[in-house]
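Undergrad: One structure follows; several queries about it will come next.
The values are calculated or read from the model by the stated rules, or taken from the named source; none is laboratory data. This one's a predicted model, so the numbers in the text were calculated from it and none came from an experiment. Neighbour counts run over all protein chains shown; Cβ positions are idealised from the backbone, glycine included.
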Amino acid sequence: MPVQTGSSLSLQRGGGDTGNEMKRFATVLLLATIGSSAALAASAVNKDSEPRTLVVTEGSTKSDLVIAPSETVDFCPSGCFVTFPNGDRQALTGSETIEITGGKAKIN
């Protein structure tokens, strides 16, 4: 805001360190976004000694997700339907963990 002092004009600035506050806010926002996207993906772990296949349907797209023995995969970040090795079908929101043992899937 311009302020007249004597015969000259000078600008007064607000207090604080706005530049550093903006950088801090942007960093926190970025970290929160990264953390939340990882937390919103379903995961599946295959504890069997042979590969297992899940059929994942997201929207109108259907795909086979082959999970190797002892492998853990993240998938389904925004909700999907999954058909398990035994033929059961389940809707997922994206926060579940699926454990495959003995050809059967269990949702945690």
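Undergrad: Among the residues of segment 85-102, which ones are under 15 Å from GLU50 (Cα atoms), touching a strand residue (DSSP E or B) at 6+ places or on another chain (Cβ under 7 Å) and assigned to a loop (DSSP other than H, G, I, E, B)?
TA: Result: PRO85, ASN86.
Undergrad: Can you tell me which residue within segment 36-54, out of those that are within 16 Å of GLY103 (Cβ to Cβ) and in contact with an Asp or Glu (Cβ under 6 Å, 6 or more places away or on another chain), is surrounded by the most Cβ atoms within 10 Å (Cβ to Cβ)?
TA: ASN46
Undergrad: Is there a residue in segment 68-87 that is under 21 Å from the mean Cα position of the chain (by Cα), at pLDDT 95 or above and hydroxyl-bearing (Ser, Thr, Tyr)?
TA: yes
Each row is one residue, and each column tells you yes or no for (1) modelled with pLDDT of 95 or more; (2) closer than 19 Å to ASP88 by Cβ; (3) within 18 Å of the chain's Cα centre (by Cα).
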{"site": "LYS23", "(1), (2), (3)": "no, no, no"}
{"site": "VAL28", "(1), (2), (3)": "no, no, yes"}
{"site": "LEU31", "(1), (2), (3)": "no, no, yes"}
{"site": "ILE34", "(1), (2), (3)": "no, no, yes"}
{"site": "ALA39", "(1), (2), (3)": "no, no, yes"}
{"site": "ASN46", "(1), (2), (3)": "yes, yes, no"}
{"site": "SER49", "(1), (2), (3)": "yes, no, no"}
{"site": "ASP64", "(1), (2), (3)": "yes, yes, no"}
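Undergrad: Just give me the residues in segment 83-96 being in contact with a Lys or Arg (Cβ under 9 Å, 6 or more places away or on another chain) and either surrounded by 13 or more Cβ atoms within 10 Å (Cβ to Cβ) or of a type in the set (Val, Ile, Thr) (or both), in sequence order.
TA: Within segment 83-96, THR83, PHE84, PRO85 qualify.
Undergrad: Just to verify a result, which residue in segment 66-82, among those that are among the hydroxyl-bearing types (Ser, Thr, Tyr) and under 20 Å from THR93 (Cβ atoms), is surrounded by the most Cβ atoms within 10 Å (Cβ to Cβ)?
TA: Start the filter on segment 66-82 by keeping residues that are among the hydroxyl-bearing types (Ser, Thr, Tyr), which leaves 70, 72, 78.
Now narrow it down to the ones that are under 20 Å from THR93 (Cβ atoms): 72, 78.
On the way: THR72: 14, SER78: 12.
Filtering segment 66-82 for residues that are among the hydroxyl-bearing types (Ser, Thr, Tyr) and under 20 Å from THR93 (Cβ atoms), the one surrounded by the most Cβ atoms within 10 Å (Cβ to Cβ) comes out as THR72.
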